[in-house]
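Below: the structure, in structure tokens.
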Amino acid sequence: MLSIDLTGKRAFVAGVGDDRGYGWAIVRALVQAGAAVRVGTWPPMLNIFTKSLERGKFDLSLPGGGKIEFEKIHPMDATFDVPEDVPEEIREDKRYRELSGYTIQEVADTLRDELGDGCLDILVHALANGPEVRKPLVDTSRAGYLAAVSVSAYSMVSLVQRFGPLMREGGSAVSLTYLAGERVVPGYGGGMSSAKAALESDTRTLAYEAGRRWGLRVNTISAGPLASRAAKAIGTIDRMVDYYRANSALPDVNTAEDVGNVAAFLCSPLSAAITGETLHVDMGYHIMGMPAEDQLGGG
Ligand code: NAD
């Protein structure tokens, strides 16, 4: 029987801070397939995330038995590559001052110290942030634009650069993108559309460069809408979910589980010849050139 078997593999999933987002769904699928999983959690979310886990607030059960267990939860802020990048006000912030080792390089170093070289098979980037996401691009400040691109796109370059040397042969890296990187989605502003376009372009270039350097595959999943914490910040997510359901090629909207399963496939040997790809997991919404609901309305 052909199945996704990640037994003996280790994954690092950056961008898990609750049980509502794509990162969590990807963790679930990877653990279900047998992988050991470490996560990187944004320091402002760390306390509430670990407390919620301790208090049993999340459903950790897996279909067919077993439950989600994390090998380790690392604090990680994808804005910073090395300790020298962290400004004083962040260092002293109450959500950061008890923590150490949360820059991307330090997290990679911690993995190397604890597990040695060649300790990782799977790298997942499931994070984004655009402080001005509610502003149209035309009204976005330079600082807002650069912050969106820094956290949401450059962070993937930095992760591959710094975690690449830890990856075993046959490794796979996956990020999450959105259709607004290739088509106009009103409301997805603040430079977030630019960040997703950069992420998709970088997926191709990184696939070549990291493929030649470490044998690493790099792909991105262009996911349909999900009412995650981050998406709620945009403000229109519930309407988008309904719109997708009404207008996709398949008359439905994807679930977080759909995306988790495709991520597990992209991280498995079954996809060994796929790299540099932007793979849409959106019930075929992206192929439509006209809203289906108009056609339905017209009989
Ligand atoms: P989410 O809120 O579950 O995930 C975003 C995560 O990013 C959070 O855990 C947050 O703490 C983390 N984060 C923010 N800034 C960070 C930083 N500086 N350093 C480290 N972590 C940071 O929401 P989500 O919607 O599941 O987002 C996951 C990915 O999926 C993002 O790349 C997002 O753009 C993408 N995506 C989401 C949708 C959607 O509709 N929800 C659609 C397509 C793509």
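Within the stretch 1-18, the residues that satisfy the criterion of being more than 9 Å from the ligand (Cβ to nearest atom) and surrounded by fewer than 24 Cβ atoms within 10 Å (Cβ to Cβ) are M1, L2, S3, I4, D5, L6, T7, G8, K9, R10.
In the condition set (1) touching a Cys at 6+ places or on another chain (Cβ under 6 Å); (2) surrounded by fewer than 18 Cβ atoms within 10 Å (Cβ to Cβ), G235 is compliant with all but (1). Applying the selection to the stretch 24-37, what residues are more than 14 Å from L53 (Cβ to Cβ) and in contact (Cβ under 8 Å) with a residue 60 or more places away in the chain? Listed by number, the residues that qualify are A25, I26, A29, L30, Q32, A33, A35. Number of residues in the stretch 31-49 that are within 13 Å of the ligand (Cβ to nearest atom), surrounded by fewer than 19 Cβ atoms within 10 Å (Cβ to Cβ) and not hydrophobic (A, V, I, L, M, F, W, C): the value is 3.
Just one of (1) within 30 Å of L6 (Cα to Cα); (2) part of a helix (DSSP H, G or I); (3) touching an Asp or Glu at 6+ places or on another chain (Cβ under 9 Å); (4) more than 9 Å from the ligand (Cβ to nearest atom) fails for N261. It is (3). The residues on offer are L166, L176, and the sole one that is within 11 Å of the ligand (Cβ to nearest atom) and either farther than 17 Å from N129 by Cβ or buried (at least 24 other Cβ atoms within 10 Å of the Cβ) (or both) is L176. Close Cβ contacts (under 7 Å, 6 or more residues apart or on different chains) running from residues in the stretch 178-200 that are on the phi > 0 side of the Ramachandran plot to residues that are assigned to a helix (DSSP H, G or I) and within 12 Å of the ligand (Cβ to nearest atom) comprise G190/A148; G191/A148.
Among the residues of the stretch 218-234, those identified as within 12 Å of the ligand (Cβ to nearest atom) and either in contact with a Gly (Cβ under 7 Å, 6 or more places away or on another chain) or under 18 Å from H286 (Cα atoms) (or both) are T220, I221, S222, A223, G224, P225, L226, S228, R229, A230, I234.
Values quoted throughout were computed directly from the atomic coordinates according to the rules given, and no laboratory measurement underlies them. Just so you know, these numbers come straight off a predicted model, no measurement behind them. Heads up, the Cβs are rebuilt from the backbone with ideal geometry, glycines too, and the neighbour counts pull from every protein chain shown.
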